[in-house]
Structure formats: structure tokens, C-alpha cells
1. Quick one: F50 ticks every box in (1) surrounded by fewer than 17 Cβ atoms within 10 Å (Cβ to Cβ); (2) at positive phi except a single one, so which number is it?
2. Restricting to the stretch 39-72, what's the tally of residues that are in contact with a strand residue (DSSP E or B) (Cβ under 6 Å, 6 or more places away or on another chain) and of a type in the set (A, V, I, L, M)?
3. Filter the stretch 62-110 down to the residues that are among the charged types (D, E, K, R) and closer than 14 Å to P43 by Cα and list them by number.
4. Which residues, counting only those in the stretch 281-293, are surrounded by 14 or more Cβ atoms within 10 Å (Cβ to Cβ), modelled with pLDDT of 75 or more and touching a Ser or Thr at 6+ places or on another chain (Cβ under 8 Å)?
5. Among the candidates D278, D248, single out the residue that is within 21 Å of the chain's Cα centre (by Cα), at pLDDT below 80 and under 14 Å from A188 (Cβ atoms).
6. Cβ-Cβ under 6 Å, sequence separation 6+ or interchain: first residue in the stretch 123-150 and in the same structural domain as H187 (by TED's automatic domain parsing) and modelled with pLDDT of 90 or more, partner in a helix (DSSP H, G or I) and surrounded by fewer than 19 Cβ atoms within 10 Å (Cβ to Cβ). Which pairs?
7. Given the condition over 22 Å from E284 (Cα atoms) and buried (at least 24 other Cβ atoms within 10 Å of the Cβ), answer yes or no: does some residue in the stretch 116-133 qualify?
8. Could you tell me which of the residues A15, A27, A20 is modelled with pLDDT of 60 or more, over 16 Å from R106 (Cβ atoms) and out of contact with any Cys (no Cβ under 8 Å at 6 or more places or on another chain)?
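The values are calculated or read from the model by the stated rules, or taken from the named source; none is laboratory data. These figures come from a predicted structure and were not determined experimentally. Using ideal geometry, Cβ is built from the backbone for each residue, glycine included, and neighbour counts are taken over all protein chains shown.
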Amino acid sequence: MTGGSKRRLGRGLEALLGPATVAEARAEGSLIQVPVGLIRPNPYQPRQAFDEEALAELADSMQRSGLLQPVVARPVANGSYELVAGERRWRAAQRLGWAEIGAVVREVDDQTLLTLALVENLQRDNLSPIDEAHGYRRLIDEFGVSQAAVGDLVGRDRSTVANALRLLKLPATVQDMVHAGKLTVGHARALLTLVDGPKIERLARTAVERELSVREVETLVRGGKEPARRPRAPRGAKVDPEARRVEDALRGRLQTDVRVTTRGKSGKVTINFYSPDDLQRILEIILGESYDG
């Protein structure tokens, strides 16, 4: 999320993410120019992969308009720096061959470094549910933070954190499907009711190959029959490609089944949820803040 839709943060972490713009950082006297080559990635970066197309678009934007928001870094040995926030901007600067980049320097410990990396990705990027879960797990395992405390730190409810962590119980191949956006969190939760790893993998592959809805996967998990293959669209029938692109984007962002139907210039968007916790999770994504009902 961007702008005014940031999540609530615990323990004054918002200030550590730095000013929202280069102009604000310059006005408060915190902006410095740091050699791009002296900066190294955040070792606690939860994001395992960066979208190459999105990076190219960011580089084009920075080439046209310059750096609008400074990166945040912490000093380390030998005059170098580690990123606290802004790795996409730093990578784009590397692509452009910039010698320096505007930065705000903060002194932070390792736990705060991991927390801020999680927060930035949750607020400003579409972090995969698996990367998010791994970030929570690292906070718990490496720093002894409870699930409730993790929620307080990153602005999520404890139940949201707990549900995210459950995804790590899936077989690695199924986690990869969720990470790649082939399965939604709703599909994953349905599969988690099973305990047989090979059966989970088999049903996951079926769900991907057949493009099954969460409801259909739930039916299979309960031992129901596999749904009949969907009939192909009649010859000559047109499927709105823009509606399909919107569906794919919303499914990836909300991690649930989404249906877009159009009629002329109007239409409707149907977003499915499968439990009160799932609804709360979706609302937090849409609203960009904790939803308390």
C-alpha cells in the first residue's frame, strides 16, 4: 500500500521507515548521497524474488522523474551500508548505472531490520503469502517473538499471523504453487485440513490443472466427487481479456477466488471469503489497515 493507506505499526517503527519523499528528507536534513556500490541488500529481506517487469518499469520511472523516495540504510563495517527499506529502488538504480542514491541512515538492530523489511513489503508491495509466512517464522525463531507480538509489530492480528504460519505446514511443492500464485490462500487452507502429504500434493496439482475453485477443492478434500469439466465457451463467444487480467491481478493480491463480470461499460466484482478470519484478512488488504469490525 502507499500514501495514506499504511498499516498501523508498533513501537514507533513508522518513523524508522524514513520520510515519504526525497523533498521531506532534504527539508529535515536527513538526506545523504550514498554510493550505490557501498550498499548491500537487507539480509533479512523476506521477498525471495523480484518481478523483473516491475523493476524495469520502476527504473523507467526513476530515469524520467528521478528518485522520489529515499532508500533507508543502516551503517555497517568498512563504511558500507545495509538496506533497511527500498531494495527495489536500489536495484533500479543499479540498472540505471547510478553512482549514488539518496538515502536516510538509521541505526537499527537485526530484529528491527527484519520487522521493517516485512512491514515495507506488506505495505508497498505484493508480498507472496509464503514469503510473508517465512518472515513471521524468522521473527519467532530467531528473536523469540510470540505470534501476538509479531502481529503488534507488523500491524496484523494474531489470528492473521497464525493462519499465515500454517501455510508452512504444506508440502514444499504446494508452497511453491501458492508462492507462484497458482493456488490462493483459500485453496491452501482447504488442503491443510488433510494430513497426508502426497494426497495434498495430488489434489493441489488437480486444482491447478483444472482451475478449481476453493469450494470445489473443499468438496474433494471431504471426499466428494471431482467436478465435471467445465464446458468450453461456445464458438464465437468472447471472453473479455481485460476482465480476465483484472481477475488474475485481484486473485494474486487478495489470495482468494475473484470473479469479474461485465455488461457493456458496467459490471461487478465478486470476492469470495471462506471464514470470518478470511474476510478480515481480505478487508485488511483492501483497506490497508487493521479492521476491527
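1. Failed condition: (2).
2. Here the count works out to 4.
3. R74, E82, E87, D109, D110
4. Once the filter is applied, which keeps residues that are surrounded by 14 or more Cβ atoms within 10 Å (Cβ to Cβ), modelled with pLDDT of 75 or more and touching a Ser or Thr at 6+ places or on another chain (Cβ under 8 Å), the stretch 281-293 yields R281, I282, E284.
5. D278
6. Taking only residues 6 or more apart or on different chains, not a single pair turns up.
7. No, that holds for no residue.
8. Among A15, A27, A20, only A27 is modelled with pLDDT of 60 or more, over 16 Å from R106 (Cβ atoms) and out of contact with any Cys (no Cβ under 8 Å at 6 or more places or on another chain).
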